[in-house]
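The block underneath contains the structure these notes are about, expressed in structure tokens.
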Amino acid sequence: MTAVLTPAIQSRLPQVGTTIFTVMSALAQEVGAVNLGQGFPDFDCDPALLDHVTDAMREGLNQYPPMTGVAPLRNQVSQKVQALYGRHYDPATEITITAGATQAILTAVLCCVHPGDEVIVLEPCYDSYAPNIELAGGRVVRVPLTPGTFRPDFGRIAAALTPRTRLLMINSPHNPSATVWTQAEMEQLAELLAPTQVLLLSDEVYEHMVFDGMPHVSAASIPALAARSFVVSSFGKTYHVTGWKVGYVAAPAPLSAEFRKVHQFNVFTVNTPVQHGLSRFMAEPAPYRDLPAFYQRKRDLFRDGLARTRLKPLVTQGSYFQLVDYSAISSLPEGEFCQWLTREIGVAAIPVSAFYEGGFEQGLARLCFAKKDDTLLAALQRLQRL
């Protein structure tokens, strides 16, 4: 019998394999480790949110919604952004509901990046950025954040700008470093981009997790940046429902029009009852306004416990991540150290080198504190063996 062969294809992403998040989560499960690697909560969302979604289902809101998202949710997003950042986005023409922030970022890249265009990313950066650019035929231009502080290096950013630069991608609060861009830094970015036609993608999925009284300075709050920006956020991060995969993009009408051309053909629209449930839940702003205090308490609990280990915590200004310097414990490369930590100590972490092309070793690991107190205390008990 003649074998039937599957035709070969040339990969669009030949360098991409299994992500470090999948690898470390699988290892954590295999050895029974406390998983502080992948960034998702292990606690439930507010039951009122579940009730709102259930009510929407029972009311028959289960068919296709508008391509741009249901009007009540877009209205709530518009009101929230205006209240927090002082910019009005027209919910009809400037806000689009997406299937999570990852889809939002890919769609923004696809709608504006053409083959040969250059896109600047600031390393370390989330692992979807570069593949998104490559899928659009663009060229990834990597500019490092300042090692040690992870602050933006505007001299290097300026040097990377060329006539081919189409887009710059930033992330604040930042994953993995947990730094937060200041008002002065955002204004300096606006000044740098002012004479150019470069667009900005501002990844703000951790916007409601900023600590110690610091503000989140959204690109939406700087008029010169808002005019050229796709501002991306995530309901999943804000409301502890990462598996629902719902986010949004706010952008000026001309940018939103191009965004929606791609959105309608790669997703079309997003889960209807969840959108209605979110819109009803958002009518009360307390859940997102109280989120900084909620996560700051967890951060402080975790950092207090880390003080009784040989891990050195770096400053955590925002997000739900904590970087630790393990140089007092081991000279292993970051990937090997995180595997050792998972197997031998029973706590899974993510190597920061995974957020750089080709790796960049700083002796740092990323831990996630978006966990129940019992989970954090169990992890700390194990880490105190170090």
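List of remarks:
- Of the residues in the range 226-237, at least one is part of a helix (DSSP H, G or I), closer than 24 Å to Tyr64 by Cβ and not acidic (Asp, Glu).
- Top-ranked residue of the range 1-24 - restricted to ones that are hydrophobic (A, V, I, L, M, F, W, C) and assigned to a loop (DSSP other than H, G, I, E, B), ranked as farthest from the chain's Cα centre (by Cα): Met1
- Applying the condition of being part of a loop (DSSP other than H, G, I, E, B) and within 19 Å of the chain's Cα centre (by Cα) to the range 180-207 and asking which residue is surrounded by the fewest Cβ atoms within 10 Å (Cβ to Cβ) yields Thr182.
- Test result for Asp117, within 18 Å of the chain's Cα centre (by Cα) and not basic (Lys, Arg): no
- The listed residue being closer than 22 Å to Pro144 by Cβ and surrounded by fewer than 16 Cβ atoms within 10 Å (Cβ to Cβ), out of Gly318, Gly359: Gly359
- Some residue of the range 253-264 being touching a His at 6+ places or on another chain (Cβ under 9 Å), in contact (Cβ under 8 Å) with a residue 12 or more places away in the chain and within 22 Å of Val109 (Cα to Cα): no
- Taken over the range 336-379, the criterion of being aromatic (Phe, Trp, Tyr) and part of a helix (DSSP H, G or I) is satisfied by Phe337, Trp340, Phe355.
- From the list Thr2, Thr22, the one residue that fits, being β-branched (Val, Ile, Thr), surrounded by fewer than 10 Cβ atoms within 10 Å (Cβ to Cβ) and either at pLDDT below 95 or not assigned by TED's automatic domain parsing to the domain that holds Ser177 (or both), is Thr2.
- Any hit, the range 365-373, residues being touching a strand residue (DSSP E or B) at 6+ places or on another chain (Cβ under 6 Å) and of a type in the set (A, V, I, L, M): yes
- Taken together, Phe211, Phe230 contain a single residue that is at pLDDT 95 or above, within 18 Å of the chain's Cα centre (by Cα) and within 26 Å of Gln322 (Cα to Cα), which is Phe211.
- Close contacts from the range 281-308, counting a first residue that is assigned to a helix (DSSP H, G or I) and a second that is small (Gly, Ala, Ser), with Cβ to Cβ under 8 Å and a gap of 6+ residues or different chains, come to Phe281/Ala48; Tyr295/Ala370; Lys298/Ala370.
- Of the residues examined, Ser256 is one that is assigned by TED's automatic domain parsing to the domain that holds Arg166, touching an Asp or Glu at 6+ places or on another chain (Cβ under 6 Å) and in a helix (DSSP H, G or I).
The values are calculated or read from the model by the stated rules, or taken from the named source; none is laboratory data. Note that the structure is a prediction, hence the values are computed from the model and not measured. Note that each Cβ is placed from the backbone with ideal geometry, even for glycine, and that neighbours are counted across all protein chains shown.
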